[in-house]
Amino acid sequence: MYHTHRILTLLIAFSLPLLMISCDDSTSSNDDLSDVPELPPFQDMALATGIFTQGGFGGEQEALQKQLADPDHPEASLSGSSQLRDSFDEQPAIADEPGTPAFILASTLVNNYQTAFFTHLQYANTFTSQVNPGNAEMSDDEYVWELEIEDQELDETVSITVTANTSNDAVEWVAIASSDASEGGIAEQQVIDATTSADGRSGEWTVSLYQEEFEFDYESTITWEFGDDALEMLDLTFDMSEGGEEFYFLVDGFYNLEQPVASITDGQFRSSELTDEGLQTDVDITEIFDLTWDVEQGDGSLEMDGVTMCWDETQADTDC
């Protein structure tokens, strides 16, 4: 768990000031870079989970959105990092006796889904935060960003090569990263594989990372689509492990927003953290669930482990 937190902290720290970026001299520049693709609007990827603010993660989304909108702002970056590091230790409480209130159980499920989603965005932002049209170059008909990032705290250099290929209103993104693996860094590996629409409002984005020294293995994929004003569809798969079975966190689920109703269907999460006494309930929370809520009124329902549970606008249990 310590190394997992260290990895997240290290990666997020790459977005802070005092970074050094350099370009590979072998990459030729192009005088006309007017069509350089832009990254997806990660800073706008927010879920309509406001009714679950009392579930334990009300400030996490706001902190992350600030960081993604301004990755060089140290307070925003550190705040988002802190929320993420502590997320497993600050789960919403689940009563250890039968009859856990439906809203509290729903909050726990949403919190875990959103934590996995935030982790994905943090990694995606780490490896691409310095990518912008102004520092793009051309090589073999593809856009290239050669980045060299100095982590002064660990005295370690991370090299990142990001490429983008455009074709038929689509963009294919690839990122290769490496650092000194002997010092706890990462061997050269592909960390991003993605395809997006030209405007970035739909696509599929996979982030992966492996550290042999700590048996750390991470991969997550999101498929998304924006509507006119908000993120309307998100399909998430997430798999993080360290030290074999010592720590793992697995999440799946399909988020959909059709105002004013939001839902997570075919959701599921499993984690070594579920062995803690504070996460015991009469409902098996590792089972597949379907969760629906009204983003304005606050009522909703949860189907899980063969049980249907509902709550009203006051978050109290009610008949379904």
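Some points to look at:
- Counting only protein heavy atoms and a probe of 1.4 Å, the accessible surface of the stretch 215-272 is 38% carbon and sulfur.
- Prolate/oblate/rounded call for the stretch 186-320, Cα gyration tensor, a/c under 1.5 rounded: oblate
- Relative contact order for the stretch 113-177: 23 percent, from Cα pairs under 8 Å spaced at least 6 residues apart, divided by residue count.
- For the listed peptides 225-232, 187-194, a ranking on the average number of other beta carbons within 10 Å per residue, highest first, reads 187-194, 225-232.
- Ser220 sits among other residues whose Cβ lies under 11 Å from its own Cβ, and their net charge, with Lys and Arg +1 and Asp and Glu -1, is -3.
- Average accessible surface area per residue within the stretch 154-226, 1.4 Å rolling probe, Å²: 46 Å²
The values are calculated or read from the model by the stated rules, or taken from the named source; none is laboratory data. In this text, all values refer to a predicted model and were calculated from it rather than measured experimentally. Reconstructed Cβ throughout: ideal geometry from the backbone, glycine too, with neighbour counts over all protein chains shown. Areas reflect the complete protein model, heavy atoms only, side chains present, ligands, DNA and RNA absent. Shrake-Rupley method; radii C 1.70, N 1.55, O 1.52, S 1.80 Å.
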